[in-house]
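Student: Attaching a single structure in structure tokens format; questions to follow.
The values are calculated or read from the model by the stated rules, or taken from the named source; none is laboratory data. Keep in mind it's a predicted model, so treat the numbers as computed, not measured. We place every Cβ from the backbone using ideal geometry, glycine too, and count neighbours over all the protein chains shown.
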Amino acid sequence: MAEVALPVNLSDMKCDVPDLNSDNYKEWKDRILLQLGCMDFDYAIRKSEPPAVNPTSSKAQIAEHEKWERSNRLSMMFIRTKISASIRGSIPECKTVNELLKAIDEQFESSDKALASTLMTKLSSMRLTGIKGVREHIMKMRDIAAQLKSLEVTMSDSFLMHFILNSLPQQYGPFKISYNTHKNKWSINELLTMCVQEEGRLIMEMRESAYMATQGKNKFTQARHKGKGKIPI
């Protein structure tokens, strides 16, 4: 005997959809569509509105129209509950869920352009201010590049690698020269690994320099205590 599908109860669904605000539109839309699909409310998004019911409509046509109308109505209700109050008033009234989604798209189209410009400015101005923290620094730059890609601003790996190298401090100068003279192209992951290794080398070199400076100072102090005029070599 075939199982009878139980009706979906909105109150029983655990939704992990954030409220739409000024800077989370891409994530919000992905989660909205996923959630509507999981609740089986996306029929009106996937299918065009069927012809209006009339006295000559068949039972199948009536059932299809009722299914589409229910999907459309509940989808719109759910979407509106996931729009923050500060934005909700700027979204025009719509008759279908696809019209509503299109209106929201248009509302955030200009915002995406402004966000892309902001991210490009941030990426081009990022600088590592010291020797340490190169892994986190590169990961942040990769994250911004990924955000730009989601905004349809695609950047090649080669271009991103030049951004990364230019953001490193002067202590990484020899490393940059080595990269520029290297015949084989590196991937972003390979560049990250090499930069972390270079960071370790620079830290070790810095510690050795500090140790030598301390040793030299100790010898100078000892020489003064012994009354000698020269620093022992």
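Student: If Gly130 satisfies every condition in (1) outside the structural domain of Leu202 (by TED's automatic domain parsing); (2) exposed (fewer than 13 other Cβ atoms within 10 Å of the Cβ) but one, which is the exception?
Tutor: (1)
Student: Here is a check on your reading of the model: is Glu64 over 21 Å from Lys29 (Cα atoms), touching a Pro at 6+ places or on another chain (Cβ under 7 Å) and either part of a helix (DSSP H, G or I) or β-branched (Val, Ile, Thr) (or both)? Can you show your working first?
Tutor: Working: over 21 Å from Lys29 (Cα atoms): yes; touching a Pro at 6+ places or on another chain (Cβ under 7 Å): yes; either part of a helix (DSSP H, G or I) or β-branched (Val, Ile, Thr) (or both): yes.
Yes, satisfied.
Student: Please count how many residues of the range 34-61 are part of a helix (DSSP H, G or I) and not β-branched (Val, Ile, Thr).
Tutor: Total satisfying the criteria: 11.
Student: Still on this structure, please answer the following. Looking only at residues that are touching a residue at least 40 places away in the same chain (Cβ under 8 Å) and part of a helix (DSSP H, G or I) in the range 78-104, which one is farthest from Cys38 (Cα to Cα)? Explain how you work it out, then say what you get.
Tutor: As a first pass, look at the range 78-104 and keep what is touching a residue at least 40 places away in the same chain (Cβ under 8 Å): 78-79, 82-84, 86-87, 96-98, 101, 104.
Add one more test, that the residue is part of a helix (DSSP H, G or I), and what stays is 78-79, 86-87, 97-98, 101, 104.
Numbers: Phe78: 13, Ile79: 14, Ser86: 28, Ile87: 26, Val97: 16, Asn98: 18, Leu101: 18, Ile104: 21 Å.
Restricting to residues being touching a residue at least 40 places away in the same chain (Cβ under 8 Å) and part of a helix (DSSP H, G or I), the top hit is Ser86.
Student: When you go through Ser158, Ser124, Ser110 one by one, which is the residue that is in a helix (DSSP H, G or I), modelled with pLDDT under 95, over 29 Å from Ser90 (Cα atoms) and more than 18 Å from the chain's Cα centre (by Cα)?
Tutor: Answer to the check: Ser158.
Student: Counting just the residues of the range 79-106 that are out of contact with any helix residue (DSSP H, G or I) (no Cβ under 7 Å at 6 or more places or on another chain) and buried (at least 16 other Cβ atoms within 10 Å of the Cβ), which one comes out modelled with the highest pLDDT?
Tutor: Out of the qualifying residues, it is Leu101.
Student: Also: Starting from the range 173-196, keep only residues that are in contact (Cβ under 8 Å) with a residue 60 or more places away in the chain, then list their pairs with residues that are basic (Lys, Arg) whose Cβ atoms are within a distance under 7 Å, requiring at least 6 positions of separation or different chains.
Tutor: Val196/Arg135
Student: Related question: Quick test for you: out of Gly133, Gly200, pick the one residue that is over 17 Å from the mean Cα position of the chain (by Cα) and at positive phi.
Tutor: Answer to the check: Gly133.
The rows are residues; the columns are (1) of a type in the set (S, T, N, Q); (2) surrounded by 13 or more Cβ atoms within 10 Å (Cβ to Cβ); (3) assigned by TED's automatic domain parsing to the domain that holds Val97; (4) at pLDDT 85 or above.
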| site | (1), (2), (3), (4) |
| --- | --- |
| Glu3 | no, no, no, no |
| Leu6 | no, no, no, no |
| Asn9 | yes, no, no, no |
| Lys26 | no, yes, yes, no |
| Phe41 | no, yes, yes, yes |
| Arg46 | no, no, yes, yes |
| Ala52 | no, no, yes, yes |
| Ile62 | no, yes, yes, yes |
